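The values are calculated or read from the model by the stated rules, or taken from the named source; none is laboratory data. Quick caveat: nothing in here was measured; it's all calculated off a predicted structure. So basically every Cβ, Gly included, is an ideal-geometry build from the backbone, and we count neighbours across all protein chains shown. When the accessible area is computed, the model is the full protein with side chains, heavy atoms only, and any ligands, DNA or RNA have been set aside. Shrake-Rupley method; radii C 1.70, N 1.55, O 1.52, S 1.80 Å.
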Amino acid sequence: MLTKFETKSNRVKGLSFHPRRPWILASLHSGVIQMWDYRMGTLLDRFDEHDGPVRGVHFHATQPLFVSGGDDYKIKVWNYKTHRCLFTLHGHLDYIRTVQFHHEYPWIVSASDDQTIRIWNWQSRTCVAVLTGHNHYVMCASFHPKEDLVVSASLDQTVRVWDIGALRKKTVSPADDILRLTQMNTDLFGGVDAVVKYVLEGHDRGVNWASFHPTLPLIVSGADDRQVKLWRMNDTKAWEVDTLRGHMNNVSCVMFHAKQDIIVSNSEDKSIRIWDATKRTGIQTFRREHDRFWILSAHPEMNLLAAGHDSGMIVFKLERERPAFSVSGDTVFYVKDRFLRFFEFTTQKEVQLAPIRRPGSVSLNQSPKTLSYSPTENAVLICSDVDGGSYELYIVPKDSAGRADYLQDAKKGAGGSAVFVARNRFAVLEKSSNQVLVKNLKNEIVKKSPLPIATDAIYYAGTGNLLCKAEDRVTIFDLQQRLILGELQAPSVKYVVWSSDMESVALLSKHAVVIANKKLVHRCTLHETIRVKSGAWDENGVFIYTTLNHIKYCLPNGDSGIIKTLDVPIYITRVIGNNIFCLDRDGKNKLVTVDASEYIFKLALLRKRYDHVMSMIKNSQLCGQAVISYLQQKGFPEVALHFVKDEKTRFNLALESGNIQIAVASAKEIDDKDHWYRLGIEALRQGNVGIVEYAYQRTKNFERLAFLYLITGYMDKVGFMCKIAGQNNNLMGQFHNALYLGDALKRVEILENAGQLPLAYITATTHGLTEIADRLAAELGENIPSLPEGKARSLLIPPAPLTASGDWPLLRVMHGIFEGGLDATGKAELEEDDEAAGADWGDEDLDMVDASEAMANGGDGFDAEEGEANEEDGEEGGWDLEDLELPPEAETPKNAGNARSAVFVAPPPGMPVSLIWTQKSSLAGEHAAAGNFDTAMRLLSRQLGIKNFAPLKPLFVDLHMGSHSYLRALATAPIIPIAVEKGWSESASPNVRGPPALVFTFPQMEDRLKAAYKATTDGKFPEALRQFLSILHTIPLIVVDSRREVDEVKELIEIVREYVLGLRMELKRKELRDDVNRQQELAAYFTNCKLQRVHMRLVLGSAMGLCYKQKNFATAEHFARMLLENNPNEAQARRARQVQQQCSGKKDSSELNYDYRNPFVVCGATYVPIYRGQKDVSCPYCGSRFVPSIEGQLCTICELAVVGADASGLLCSPTQSR
Amino acid sequence: MASPDLLFNLRNLFYLGAYQAAINNSDVPGLDADAAAERDAIVFRSYVALGSYQLVISEIDSSAATSLQAVKLLALYLSGDKESAIVSLKEWLSDSAVGSNPVLRLIAGIIFMHEQDYTEALKHTHSGGTLDLHALNVQIFIKMHRSDYAEKQLKIMQQIDEDHTLTQLANAWLDIAVGGSKIREAYLIFQDFAEKYPMTGMVLNGKAVCCMHMGSFDEAETLLLEALNKDAKDPETLANLIVCNLHLGKPSSRYLSQLKLSHPDHVLVKRAVSAEDNFERALQAVA
């Protein structure tokens, strides 16, 4: 039982859930009706008009109404919105036990100790039916949820089912008033609107409760005989099905569960019992110490129950509704309806993976609790409370996705919780011994490790690490090192959510979210009044979490806020941008789109990403009082400044952020004394004398101004102030200024002018101004004040100011992005000021930066040197190692036997992979890769008649070098070369050696061919020739997989051969300068080669031109015709036609050894035509043809084989030898 | 609970080839005598692995523990003084008091492996005793192309501690050696290392080798270039990069010259050199 809410009060006799809001009504024995919010845990309202106990209470399904009935015989209908009792229904003659609204009609059914059941119409406020028949107190009466039935239970030991079909018909067709009147009469006499359908007898004592099954024709009843009885009915009869025994005292209330196949009952024996409705056995019992239970109520929609007892009530759930899930990359794995499923976030595709086992025993809370997934092995661990905590391990084959029929035997085990800690390892908590068992995928124990704290759950915390949760704290424990990596006080953590980079973790407990880093260093804690349900990290490091009714965010600094309100609880699985993916309680994947701008904005502020902030401010309508106060609160007045238009606020913010320029601008706008004064104070604090002066001037605060001038050393300005004071007749001011100036003469003058002659006299005398003193003495006559005798006199001269320059040195103010961007209007004249102010120090600042940069550079330099030194070391090492190449003779004698070798006989070495390659294969390339060059050569010689291997040398070396990769194993031990094999596949069985992966492949040849074509087109003949030859040289070493490819290779040889021949002739032609006839012949022969059309056109064009120039018109015409047949382009075609016109009918001027009417091939060595029927010899490899005299010489085309040699033919695929 | 394994981190750094990091992190407080000796051995083996032979030779004096003396012998051997190293090695080994020291036997195994005398190497290492020795056995058997024996050694290691870094590594070596579907497993093992510990050239090379054997040379190249960024002179990185580029049809001669210059005795260089001789010889034989 999961208690969600509990109240303490007088005895609770009646309960009713609100169908939509999280409210519950509790009617008390004291006469009070309470309305609670069970989610928030607050008392919303109380209704106290009944006199004596209130036993029945019920919310209306749609209207803001509820009904109550009490021991004062009254039924009251209330409007909870207006908090008023709308009316009272009188009629019952004794206590009222239960009241209930009809789900559809405006009816209320009530049961009373007066032995009747009444049905009331709350709209007309009349009683519409009285159901008589019970001959003792009627303890309960309720409508059937769908049919026209009422069930009642009575202390007369019966349960009765009443048919109210007639009543409904009357209500549905109320037109016939006369009929109705007669019926009313019959009502008075016992009524025919509601007739007893069945009387269920079987209980031995009074029956306290009876209720219908929500869908099936079943009734369950509970009685003072301590039994719960199950009844079935059909159209004609009803009978007892079974009895559930177990309660030790009167059963007070009993009901079917709406969603599960169970019966819930409670009793005066202080227990609530859960029964399996099919097997009719007790599943579970919840007991209270002292309180007898009186009433049960189920939520009409949600999976909630409530029970009232002697000292209050509880709201509870029988089973968890949280689906077990685990997020991995782009998918969430979860369990729904006994199936393991996954859901891809990007495609939003849902796939059913595999069925999971049903628990053997029927009891509550056996469904999967947690799920852990290992992506590489596609393995899933599902933990549940079955058998006091157990796990099941499913390994899902990759290809079984979507095949629901696939059922495998899961590997099982006992354990409090189980999680994957590595790709193929999972940890199982063994609570009894407080240790974890690390197991492999075969469910075998690999390792046991005791845990450092008394752990009651474990969670993943990175590979090889566990997060252990104890009562009051969590620790991260490294299983291999057996070290505690971090510890944090966090009471009763329930869920652990890691950020995707595993840098941050959120610990969710019932009413708190704790954010910490991967070492469990505390970052912040949030307290929630409503239960925290789930959470996920978004890609910016904001933690998004849900409570029962909100989606909220938490920034890294602990600021949080509400993103969205929820109707039903959801479990967040993943947050991508504005999209929040979640699972609901039915295990359905949902996508909630939210407005993320608020927390993104705050995050940007926090990270000081002002560019981001600014673009957000510009592009969205974020501005508002809330944002400004947030900014102010969070110490970003300088940012807030840019939101505000109101000058006074702006001024305040500017002062707060110390932005004196904006403050000045605002002060100018506001222009009142107080603001100037405050500006002056701030400016003085900053030492911005110019602004202070300005502020004092604006407020005409001459005293302060004068003093400012004095201390900043502007003595001339003090003198000016003195004058102003004089003009203003401000004697005191004038005198002060004179004093500041140290001008004794002036002081005397002022005093004299003021009529203070004695003072003037004293001043003059003291300062030794004897002339004036004498004059004043004369004026004073007898009243000459006496001067103190015997005192040393000193001049009253103010000390010289220390700094006599303008503003105080200021640190350079960062010109934030805001100044430029947002404040473009910005009060420019002042900014200049600021820069001037910053100048002195600013420069020095820069110097310092330079210096530190220099330091850094120096440091770098040092590092680099050190690095070099190291590298040199390394090189030395390398050279040292060279000595290893000492001849093997230096080896120690192998049979230096000692005691140990006598026992141990080392196995003989196995066969190297390269040897296996050569044994199996008769392909030259594979032999070369294996390093068996001689056999490779013999093969080539036998197959292709190759004698000249020189061009093949680099190819052989490359093949051999590329045949092995190198694996460094144990430090300083020799490295292991590993043979690189071809045709790897996931399913290839180990220890079966494949053929070598050769560094030359057929696709490479095709690429080279393209390059060679290009070179030909571009007219780079030597380059093209080189390319073609390289193909021709590589092909003997190529290995392909299929027959088809063998044919392609052969085809390639022919293509390349033709080009090589043609290009060789072309190059030869270019060498010949004088022999024009031979030139023409060679050009003509070139046209005989099989070329690509684009090349053929070029060749024909050149041959045509050559012949035309030499006036061999017939031949030229022939070339022109051929050119036209070869899809020439515009220019080529025009030229060909011109030649054709010019040449038509004309004859060749000279004889060429070229007869195009007679088919021929060209000798690859002598470049003469070999006409059909003439004898020739050919190259065994490339197939070039030669005149017989060449036989036995090296083929001039491929440069490899001997012309006319015996050869078995190209072998380039293992398929050929089969 | 059992006491925490204080050298865990250090050992991992060493096995995964982060030798300098191992040296830098060797100041572990609270070690008992045995652990301290092991620590010292690891530190000096790291220096040897970094090629600082002279440092090791001069730092370890005659009063040091047997295990350190053994490391000194290795440094001596690798610095070129092979014969005297082998002579003293044999002397030590025949001494019944110290002959069974696991580090000494390990070093003996390594030295005889360099000598390509696997029988002699196995003579000292076959009885095992430490994971290091078993791992060396795995390596020797792989070199002897006896993966059946290597597997037996690995089984022993797995019984001792299946999740130990060295066990995992040896598992990966063997997986690569036997090939086929096991390559994928080796790749996953290296991937695990990459996730759990700082990326080292050795791990990157391991992954790259797996990639090459799985036919994805492009990915291997990316990994190797990353490794080259970490250590531009690492011989295995260069060697594997040469092989990789050969398969990709890219020029590799620059890396080869680099390797020839820095590690003229590297297997690949030897292979290249011997290939040329071999070729000439074969020419003669065929002609």
Equivalent ellipsoid semi-axes, segment B:127-189, via Cα gyration tensor eigenvalues times 5, rooted, Å: 17, 14, 8
Two-site FRET efficiency, B:ALA36 against B:GLU91, from Cβ-Cβ distance with R₀ of 35 Å, rounded to 0.05: 0.85
Alpha carbon centroid spacing (whole Å) that separates segment A:519-582 from segment A:329-349: 21 Å
Between helix B:165-178 and chain B: long-axis angle, C-alpha atoms, 0 to 90°, nearest 10: 30 degrees
P(r) histogram, all alpha-carbon pairs of the protein assembly as shown included - 10 Å bins from 0, percent: 1, 6, 9, 10, 10, 11, 11, 10, 10, 8, 6, 4, 2, 1, 0, 0, 0
Long-range amide H partners of A:VAL128 with built H, under 5 Å: A:ILE119, A:TRP120, A:ASN121
P(r), alpha carbons of segment B:1-114 - 5 Å bins starting at zero, rounded %: 2, 12, 22, 24, 20, 11, 6, 2, 1, 0
Over 27 Å between alpha carbons, listed pairs A:LYS1014/B:LYS260; A:LYS448/B:LYS196; A:LYS412/A:LYS447: A:LYS1014/B:LYS260
Compactness of segment A:670-756 as Cα Rg over 2.2 N^0.38 Å, two decimals: 1.16
Karplus-derived 3J(HN,Hα), 6.51/-1.76/1.60, for each residue of segment A:1158-1170, Hz, glycine and proline x: 9, x, 8, 10, 9, 5, x, 9, 9, 6, 10, x, 10
Prolate/oblate/rounded call for segment B:230-275, Cα gyration tensor, a/c under 1.5 rounded: oblate
Segment A:1032-1131: trypsin sites (Lys or Arg not before Pro) in DSSP coil with no more than 10 other Cβ atoms inside 10 Å: A:ARG1073
Neighbour-limited loop hits for trypsin sites (Lys or Arg not before Pro), segment A:216-277 (at most 14 other Cβ within 10 Å; DSSP other than H, G, I, E, B): A:LYS237, A:LYS259
Segment A:510-621: relative contact order as a whole-number percent, Cα under 8 Å and 6+ apart: 16 percent
Loop-located trypsin sites (Lys or Arg not before Pro) in segment A:68-112, at most 13 other Cβ atoms within 10 Å (DSSP): A:LYS81
Solvent-accessible area buried by pairing A with B, both sides, nearest 100 square angstrom, 1.4 angstrom probe: 9100 Å²
Calculated FRET value between B:GLU276 and B:ARG254, using beta carbons and R₀ = 25 Å, to 0.05: 0.85
20 °C / 1.002 mPa s Stokes-Einstein diffusion coefficient of segment B:57-103, Kirkwood radius on C-alpha pairs, µm²/s: 200 µm²/s
Chain B shape via C-alpha gyration tensor axes, a/c threshold 1.5: prolate
Hz values of 3J(HN,Hα) by residue in segment A:486-491 - Karplus curve (6.51, -1.76, 1.60), Gly and Pro given as x: x, 9, 8, 6, 7, x
Within 10 Å of each Cβ in B:108-117, the average number of Cβ atoms from other chains: 4
Theoretical gain in end-to-end length, A:ASP1074 to A:GLN284 [0.36 nm per residue, Cα-Cα removed]: 273.0 nm
Accessible area of segment B:64-119 belonging to carbon and sulfur atoms, whole % at 1.4 Å probe: 52 percent
Cα gyration tensor, segment B:198-286 - rounded (a/c under 1.5), prolate or oblate: prolate
J(HN,Hα) series, segment A:1105-1118, from Karplus relation 6.51 cos²θ - 1.76 cosθ + 1.60, nearest Hz, glycine and proline x: x, 4, 5, 4, 4, 8, 6, 8, 5, 4, 5, 4, 4, 4
Per residue value of the accessible surface for the protein assembly as shown (all protein chains in place, 1.4 Å probe), Å²: 44 Å²
Rel. contact order, % - alpha carbon contacts under 8 angstrom, at least six apart, segment A:623-688: 23 percent
Between segment B:210-287 and segment B:141-159, the Cα center-to-center distance that results, in Å: 27 Å
Full-extension gain in nm, A:SER1149 to A:GLN260, via 0.36 nm per residue minus C-alpha separation: 309.1 nm
Relative contact order (percent, whole number), segment B:198-286, Cα cutoff 8 Å, 6+ residue spacing: 21 percent
Cα-based Rg / Dmax (Å) for segment A:623-688: 11.6, 34
Average partner coverage of A:370-377, which counts Cβ from other chains inside 10 Å: 1
Averaged over B:152-161, number of beta-carbon atoms from partner chains that fall within 10 Å: 1
Cα-based equivalent ellipsoid of segment A:510-621: semi-axis lengths in Å, sorted from largest, via gyration tensor: 23, 18, 12
